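Taken together, the values in this text are just the output of simple stated rules run on the coordinates, not laboratory data. Note that this is a predicted model, so its numbers are computed, not measured.
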Amino acid sequence: MERYCLECGAKLHGRTDQKFCSDQCRNTYNNRLNKDETAYMRNVNHALRKNRRILKELNPHGKAKVKKQTLLSKGFAFKYFTHVFKNKEGKVYYFCYEQGYLPLDHDFFALVVNRNI
């Protein structure tokens, strides 16, 4: 039975489970297949990295307090975070990797670093 490359249609020679004639065809096929999902993931990862960078910049010593407006003025996007931690008192911390924040009263945020990650 003749087999053909899934990307370019060239006749395949060699292994019976071979699907592509070259690494280039395999990469092109997979990049095209994952294009839509990859763009979304790229945008989310970009937002997470930016949030982390902002938190790290505003919290160089591991503990700080900032106004919401300060975060927003730097482009912080509150809807993007990697995980949530709820302490014994019921306070909910939001994290972008190891950099975290806790909403406080009067539009203030406590910035923290989880060094156990």
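Just a few scattered comments:
- For Leu12, residues with placed amide H under 5 Å, excluding near neighbours: Arg3, Tyr4, Cys5
- Among Phe81, Phe95, Phe20: highest mean-square fluctuation, GNM of the chain, C-alpha pairs under 10 Å: Phe20
- The shape of segment 47-113 comes out rounded: with a ≥ b ≥ c from the C-alpha gyration tensor, a/c is under 1.5.
- Lysines whose Cα lies under 19 Å from that of Lys91, excluding same-chain neighbours fewer than 8 positions away: Lys63, Lys65, Lys67, Lys68, Lys79
- 0 to 90° range, to nearest 10: angle between helix 23-33 axis and the chain longest Cα axis: 60
- Rounded to the nearest 10 degrees, the angle from helix 35-58 to the longest Cα principal axis of the chain is 30 degrees.
- Relative contact order of the chain: 19 percent, from C-alpha pairs under 8 Å at least 6 residues apart in sequence.
- Listed by chain and number, the aspartates and glutamates whose C-alpha is less than 14 Å from the C-alpha of Lys11, apart from same-chain residues fewer than 8 away, are Glu2.
- Reported to the nearest whole Å, the Cα centre-to-centre distance from segment 1-47 to segment 54-117 is 40.
- Three-way shape call for segment 21-74 based on the alpha-carbon gyration tensor, with the a/c threshold at 1.5: prolate
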